[in-house]
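Just so it is clear, none of the values below were taken in a lab; they were calculated from the coordinates. The model shown is predicted, which means the values in this text are computed figures rather than measured ones. All Cβ positions, even for glycine, are placed from backbone atoms using ideal geometry, and neighbour counts span all protein chains on display.
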């Protein structure tokens, strides 16, 4: 049975905070307060600081741990449990390791969300994830994940994945530096856009986030 996502959907914007400077990351999180539905963090920030960063950022906004977990069920369970214990509201996992591992993630997530990668947003995503995206999306549905990851760089693929997953949430990375369009992603079925460098690398972080929120709201209102 599919689990509903617990994430709010106010601005449709998720910040990918791919910084390695902990103090800077927290400043950026403060600057976008109220403008993002969640903050996505990856291994570089956690490894350059500590897992306590998850807890600290979770006090500012819901945190999605983009750990792209790809391991046997027991190890997957342990990683998800620890991320959630530190305050994560969501964890991103890979499905190519098998449905048993994805199911272990869902079972370990408690009230947090599990998001399954269906297709990567970079050019290499065409090599392995796109040819198998249908199967990976079906694993997400069958295992009760809250949602999936589908690429803003190829918005037609978002529409395709939407037809497979039904009402699960779609988080779409690749907007901004990778060339994806927030409007195109949302109009093709994404629930959220994930944006990193176009926000945290901007001269005015809050202004950049505000512009994306405005674009997102316009796109949703004209769907």
Grab the beta carbon distance between residue 68 and residue 47, set R0 = 22 Å, and tell me the FRET efficiency rounded to 0.05. 0.95
Residue-averaged [θ]222 nm for the chain, counting only DSSP H segments that reach four residues, each worth -39500 (n - 2.57): -12500 deg cm²/dmol
Tell me the label-point distance for the pair residue 59, residue 197, using the 7 Å Cα-to-Cβ offset, in nm and rounded to one decimal. 3.2 nm
The chain: relative contact order in percent, alpha carbon pairs under 8 Å with at least 6 residues between: 20 percent
Once residue 221 and residue 30 are pulled to full extension, the length gained, defined as 0.36 nm per residue separation minus their Cα-Cα distance, is 66.0 nm
Going by average Cβ neighbours within 10 Å, how do the peptides 47-54, 99-106 rank, with the highest at the top? 99-106, 47-54
At R0 = 35 Å the Cβ-Cβ FRET efficiency linking residue 99 and residue 21, nearest 0.05, sits at 0.40
Give me the one-decimal nm value for the distance between modelled label points at residue 9 and residue 211, 7 Å along each residue's Cα-to-Cβ direction. 2.7 nm
